[in-house]
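*Asks:* Structure incoming, see below.
The values are calculated or read from the model by the stated rules, or taken from the named source; none is laboratory data. Please read these numbers as outputs of a predicted model, since none were measured by experiment. With ideal geometry, Cβ positions are generated from the backbone for all residues, glycine too; neighbour counts draw on all protein chains shown. These area figures cover heavy atoms from the full protein model, side chains too; ligands, DNA and RNA do not enter into them. Shrake-Rupley method; radii C 1.70, N 1.55, O 1.52, S 1.80 Å.
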Amino acid sequence: MNPLGKRIQLLSKLPRLKAFYRFAAGKAPLPVNFTISLLYSCNSRCATCNVYEKKVNNLTVEEYDKIFATVGKAPFWFTLSGGEPFLRRDIVDVVKVIYKRSQPAIINIPTNGSLHKVIPERVEAMIKACPKSDIIINLSLDEISEKHDEIRGFPGNWERAMKTYEQLKELTAYPNFTLGIHTVISVFNVKRFPEIYRELIQLQPDSYITEIAEERVELGTMGEKITPNKEDYFSAIDFLIAEMKGKRLKGLANVARSFRIEYYQLVKRYLLKNEQIIPCYAGVASCQLSPDGDVWACCIRADSMGNLREHNYDFKKVWNSEAARKIRKSIKNRECACPLANAGYTNLLLHSASLVKIASRLI
């Protein structure tokens, strides 16, 4: 299916997702947004993440093939995360399996960019193998030069990432490739954010996105003081929003900007109230797979609906388990709240009032 067809298909699924969230009747529709944690291994030692401390038996390419044979063409968006995703030597094979089984509109991969000798060739192989999917690579850059290396706990990371970026820039001639930059705004960089942004935007990425540092069960950061206070975050994100509004964009780039601005406003409201601001569809429209096969609604809670290895790799069976029902009920009852970006964008798509704001901003 071509990209436009996938977008139309996505819109056609929204009413059923909203109806299931409201009434929880019958079997759960399959999620449109998948995050796959490919591994916990990482060569960074970030001040905002301890995921590298976890050790598990990662799912294989063959196991992913079995899983997504039961999922089919339902997903619109995949994010392949880690750890450092490109430490998996078989990452291209995983992407090929996802494309063969699900043919998503978007495959998004964040990376620290350190593996400059292998990342560019692996990305080009993905681009060629998935002609009907947009391949998005986001380099995670949280500061500039040595300051970035300090936050990432990786001497030389900035220099390596710049080598990766220069090579990936050459691949932007491919129509289905987007090269972006991603910054985690934390207590370690929030006060310098305007300076950081001005330096990074000179690299001329196709897109620039941020996410607020938060405590996550998956990342092993519960109880760690990494989230900036609301005053500092408001100052940083208001600066970014002003910069975004000052740029002239057309088409899908303009739509993406409007969604990002609305998401950043949502995070501000969350920091003020510390509660769900709009309904959360994690566990309905979005989900995450752990490296060893657990199905989660999200990585913040990381409570398992069931393990795919224990259910013959049948995603639908786990997705409709009793554990899944209880997790969805808890989320709907607003027993948790967070500003998780991956679920947040999906939630905006399913929230009518937010869509009105996004559309009015476009007009």
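*Asks:* Distance check, please: which entries in LYS245/LYS357; LYS163/LYS230; LYS6/LYS316 exceed 26 angstrom between their Cα atoms?
*Replies:* Violating the 26 Å Cα-Cα cut-off are LYS163/LYS230.
*Asks:* Name all residues of region 152-168 having a backbone nitrogen under 18 Å from the label point set 7 Å from the Cα of LYS55 along its Cα→Cβ direction, giving them as ranges.
*Replies:* Taking a point 7 Å out along Cα→Cβ of LYS55, no residue of region 152-168 has its backbone N under 18 Å.
*Asks:* Assuming a ≥ b ≥ c are the square roots of the Cα gyration tensor eigenvalues, decide whether region 123-251 counts as rounded (a/c under 1.5), prolate (otherwise, with a/b larger than b/c) or oblate.
*Replies:* Details: a/c = 1.74, a/b = 1.43, b/c = 1.21.
Note, shape of region 123-251 comes out prolate.
*Asks:* With contacts defined as alpha carbon pairs under 8 Å and 6 or more residues apart, what's the relative contact order of region 9-101 in percent? Kindly include the intermediate steps, with their values, before the conclusion.
*Replies:* Values: 98 pairs, mean separation 33.8, N = 93.
Result for region 9-101 is 36 percent.
*Asks:* If I build a Gaussian network model for the chain, linking alpha-carbon pairs within less than 10 angstrom, which residue out of ARG216, ARG248, ARG88 has the largest mean-square fluctuation?
*Replies:* Greatest mean-square fluctuation among the candidates belongs to ARG248.
*Asks:* While we're looking at this one, here's another question. In nm, to one decimal, how far is the SER330 label point from the LYS247 one, both placed 7 Å along Cα→Cβ?
*Replies:* The answer from the label model is 3.8 nm.
*Asks:* log₁₀ I(q)/I(0) of the chain at q = 0.07, 0.11, 0.14 Å⁻¹, via Debye over equal Cα point scatterers, no solvent, to two decimals?
*Replies:* -0.27, -0.73, -1.30
*Asks:* Provide the gained length on full extension for the span VAL356 to GLU63, in nm with one decimal, where the gain is 0.36 nm per separating residue minus the Cα-Cα distance.
*Replies:* Length difference between fully extended and current span is 101.4 nm.
*Asks:* Once ligands and nucleic acids are excluded and a 1.4 Å probe is used, how much of ARG192 is accessible, expressed in Å² to the nearest 10?
*Replies:* Counting only protein heavy atoms, the figure is 80 Å².
*Asks:* For the chain, modelled as a Gaussian network with Cα springs under 10 Å, which listed residue fluctuates most, PHE23, PHE34, PHE86?
*Replies:* Most flexible of the set in this elastic network: PHE23.
*Asks:* Also: Hey, can you grab everything whose amide H is under 5 Å from the amide H of ASN108? Only 5+ residues off in sequence or another chain; H modelled, so Pro and N-termini drop out.
*Replies:* HN-HN under 5 Å from ASN108: PHE78, THR79, LEU80, ILE136.
*Asks:* Using 0.36 nm per residue, how much length does the chain from ASP232 to GLU322 gain when fully extended, once their Cα-Cα distance is taken away?
*Replies:* Full extension of this stretch gives 28.2 nm more.
*Asks:* Now for a different question. Could you give the length gained on full extension between LYS147 and ARG89, defined as 0.36 nm per residue of separation minus the Cα-Cα distance, in nm?
*Replies:* Extra length from LYS147 to ARG89 when fully extended: 18.0 nm.
*Asks:* Now, a different point. Could you work out the relative contact order of the chain? I mean the mean sequence separation of Cα pairs under 8 Å and 6+ apart, divided by the number of residues, in percent.
*Replies:* Relative contact order of the chain: 18 percent.
*Asks:* Please check: in the Gaussian network model of the chain (C-alpha springs, under 10 Å), which one of GLU84, GLU63, GLU143 has the largest mean-square fluctuation.
*Replies:* Looking only at GLU84, GLU63, GLU143, the biggest GNM fluctuation is shown by GLU63.
*Asks:* Using Stokes-Einstein with the Kirkwood hydrodynamic radius over Cα pairs, what translational diffusion coefficient do you get for region 221-363 at 25 °C and a viscosity of 0.890 mPa s, in µm²/s rounded to a whole number?
*Replies:* Here the translational diffusion coefficient equals 146 µm²/s.
*Asks:* Report the Cys residues of the chain lacking a disulfide-compatible partner, meaning no second Cys Cβ under 4.7 Å from their Cβ.
*Replies:* Cys with no partner Cβ under 4.7 Å: CYS42, CYS130, CYS280, CYS287, CYS298, CYS299, CYS336, CYS338.
*Asks:* Through the Karplus equation 6.51 cos²θ - 1.76 cosθ + 1.60, θ set to phi - 60°, convert the phi angles of region 164-175 into ³J(HN,Hα) values in whole Hz; use x for Gly and Pro.
*Replies:* Along region 164-175, the couplings run 5, 4, 4, 6, 5, 4, 5, 8, 5, 5, 5, x Hz.
*Asks:* With contacts defined as alpha carbon pairs under 8 Å and 6 or more residues apart, what's the relative contact order of region 190-257 in percent?
*Replies:* Details: 27 pairs, mean separation 22.8, N = 68.
Taking the mean separation of contacting Cα pairs over the length of region 190-257, I get 33 percent.
*Asks:* Another question, if that's okay. How large is the charge dipole for the chain, taken about the Cα centre, if only the Cβ atoms of Lys, Arg (+1) and Asp, Glu (-1) carry charge, to the nearest 20 debye?
*Replies:* That gives a dipole near 1640 debye.
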